[in-house]
1. Hey, does the range 113-126 have a residue that's closer than 27 Å to L170 by Cα, in contact with a His (Cβ under 9 Å, 6 or more places away or on another chain), in contact (Cβ under 8 Å) with a residue 60 or more places away in the chain and open to solvent by 20 Å² or more (accessible area, probe 1.4 Å)?
2. Inspect the range 261-282 for any residue being touching a strand residue (DSSP E or B) at 6+ places or on another chain (Cβ under 7 Å), under 21 Å from C36 (Cβ atoms), assigned to a helix (DSSP H, G or I) and among the small types (G, A, S) and give the result as yes or no.
3. Does the range 35-55 include one or more residues that are open to solvent by 40 Å² or more (accessible area, probe 1.4 Å), on the phi > 0 side of the Ramachandran plot and over 14 Å from the mean Cα position of the chain (by Cα)?
4. Only one residue in I34, I20 is within 29 Å of F164 (Cα to Cα) and at pLDDT 95 or above, so which one is that?
5. Would it be correct to say that R78 is touching a residue at least 24 places away in the same chain (Cβ under 8 Å) and open to solvent by 50 Å² or more (accessible area, probe 1.4 Å)?
6. S132 - would you say it is under 26 Å from D183 (Cα atoms) and among the hydroxyl-bearing types (S, T, Y)?
7. Of these, V24, V85, which one is open to solvent by 40 Å² or more (accessible area, probe 1.4 Å) and β-branched (V, I, T)?
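The values are calculated or read from the model by the stated rules, or taken from the named source; none is laboratory data. Only a predicted model underlies this, so the values are computations on that prediction, with no experimental measurement involved. Virtual Cβ from ideal backbone geometry, glycine too; neighbours counted across all protein chains shown. Heads up: the accessible areas ignore ligands, DNA and RNA and are worked out on the full protein's heavy atoms, side chains in. Shrake-Rupley method; radii C 1.70, N 1.55, O 1.52, S 1.80 Å.
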Amino acid sequence: MEQGFVTKIKHFAVHDGDGIRTTVFLKGCPLRCIWCHNPEGLDFAPQMAYVEKKCIGCMQCVPVCESNAQQAADGKHRFVRELCVSCGKCERVCLGGAMELNGRLCTVEEIMPELLQDRDFYGHSGGGITISGGECLAQPGFVVSLLQKGKEYGINMAVDTCGFVKREVLDAAMPYTDTFLYDVKAIDNEVHIKCTGKPNDIILENLKYLDHNNCRIEVRIPYVPGYNSDQISLIAEFLVSLHNLSGVRVLPYHNYAGSKYKSLGMTNHLPLKMPTFKDIIIVENRLKKKGLPIIKQE
């Protein structure tokens, strides 16, 4: 029975593929994008988030913490992250909701009932289930099992991927995937390494491979001023050679995830500058002039 680390399940998602969807976010990613707004999905191991402003000082967490990460000093609560083993016991008793475990080991059978709750909305809107991350295909056995189960129920299944995966993983996922939501961040390899920590040759080759196999692909371009803003023309030239694009979506970068980094004890390296609405329109028009089908970000 395949298991996977799930960070969260988002209901009524409207930007993760066609129609109304339920998105399953998995843990772990091979890239380290400077602009990542889901830092809880980067590491493969479970992580405890602590939102200090939510702590009401109830101290319910102290007696249940066997690693002594939760402490009471002079009547005040203290969380010692270095001692935390992310067991999740504190989360279950925290009255203020200050503790949140990111990453739970689940089986497909355990999460499927929650995913099926929105099944009626899938049919009426042309939606379905999207598997995202992190990089979901970094947990290939779990993802393929979830895709298979979804198809058994007749549900439209989408995979949101950065493409930095082994070819055999794509081969395993393709028969059960209706749409690949595929990130293209840069064409220039040096720019890609600077922004993500990894080269992009595997990513671009895998995108061509999916296209060659007639997979339905929605390309998603995160637009980050000062980082990949000079890559738009290069990306457009690359995409026009593909034959199975259902659409191209420009994702405006935002730096609202700073509080997530803080709660996880991670370094916040998010760029300060965000694109304006006008910036995104200009980028979309440049792509549209190349004949690419643009999906407007509402």
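1. yes
2. For the range 261-282, residues touching a strand residue (DSSP E or B) at 6+ places or on another chain (Cβ under 7 Å), under 21 Å from C36 (Cβ atoms), assigned to a helix (DSSP H, G or I) and among the small types (G, A, S): present.
3. No.
4. Values: I20 fails: at pLDDT 95 or above.
When all the criteria are applied, what remains is I34.
5. Answer is no for this residue.
6. In short, yes.
7. Only one candidate passes the filter, namely V85.
Quick grid of which residues meet (1) buried (at least 23 other Cβ atoms within 10 Å of the Cβ); (2) touching a Cys at 6+ places or on another chain (Cβ under 7 Å); (3) closer than 20 Å to K27 by Cα:
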| residue | (1), (2), (3) |
| --- | --- |
| A158 | yes, no, yes |
| T161 | yes, yes, yes |
| L170 | no, no, yes |
| D188 | no, no, no |
| I193 | no, no, no |
| P199 | no, no, no |
| N214 | no, no, no |
